[in-house]
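First comes the structure, then the notes that go with it.
Just so it is clear, none of the values below were taken in a lab; they were calculated from the coordinates. This is a predicted model, so every value here is computed, not measured. Heads up, the Cβs are rebuilt from the backbone with ideal geometry, glycines too, and the neighbour counts pull from every protein chain shown.
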Amino acid sequence: MKILLTVLVLIPIAQFDLVCDSNELNQFAQSMFMLGVLLGAVGSGQLSDMMGRKKTLFIGIFLQLISGVAVAFSPNYAFFVVFRALVGVSTSTVFLPAFVIGTELVASSMRTWAATLIEIFFATGFMLLALIAYLIRDWRTLQLAISLPNAVFLFTYPLIIESPRWLLSKGRDEEVAAIMRTAAKVNGVTLPDEVFTTKKVDIEKPADERTYTVIDLVRTPNMAKKSLLIFFNWLVITLVYYGLSLNTSNLGGDDYLNFFIGGAVEIPAYVSSIYVVDTFGR
């Protein structure tokens, strides 16, 4: 990943005639990108619960296209940093809803497999980026090469289905039935008519019913304890992951090959995690 930082951060800073403080400016630019990732993770979660996973996903794709292209045409450092941060926002806004759609489309028994498959594609992209960066050394061209494909993805909107679980939570039963019919047709399965029969029962809603937010993760002592433990575990995992990824160039040898290997080793790790999770539990 250090290669990507060099090509997409250090070289632009040098071209903006800011070489004297390039190390500090490089660190600030990358920190702003990661801040964008954080903000995107928080915002996209709430947005996907309100608008749906599909709409949030394509908002992220559109933002990634616009901000990525803007970075490629940055006239100065300030412009570069702002839109790099927006690229970070778009990264989370694309990945998280896509991950949720992938896991909510399958039965609970298959969620581990679905989640692992998604992560394998992440690692594959990691390796492809090493190849693309090796072939394209100009940072503006590289930025365009990894941003413009989002324009193609926008045309896949009619092909992507909304999460049936989210639709059910919103009472959109007819859309769920349509998805089930399509899935049954693709898989060559005939579903009985009673599957699509919906019995509407009037249920008196409790007086204290309300919409839950991320604050509810720490509202009670019990939930706060569990949430903080998970937050800490994820913090440690992320620090180790990015600590290794950002320093592959310090291992010696070819930087691009190290970057490629860094992505390749993730695949057997993801595959083995299926057995570990199924055997020992989450």
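Please turn the phi angles of the range 44-56 into ³J(HN,Hα) values with the Karplus equation 6.51 cos²θ - 1.76 cosθ + 1.60 (θ = phi - 60°), one per residue in order, whole Hz, x for glycine and proline.
5, x, 5, 5, 5, 6, 8, 9, x, 5, 5, 4, 4
Hey, what do the phi angles of the range 250-267 turn into as Karplus ³J(HN,Hα) couplings, whole Hz, using 6.51/-1.76/1.60 and θ = phi - 60°, x for Gly and Pro?
Karplus values, whole Hz, x for Gly and Pro: 8, 7, x, x, 6, 4, 5, 5, 4, 4, 4, 5, x, x, 5, 5, 6, 5.
To the nearest 0.05, what FRET efficiency results for Arg181 and Tyr134 with a Förster distance of 45 Å applied to their C-beta separation?
0.45
Calculate the FRET efficiency for Thr190 and Arg111 from the Cβ-Cβ distance with a Förster distance of 25 Å, rounded to the nearest 0.05.
Computed FRET efficiency for Thr190 and Arg111 comes out at 0.45.
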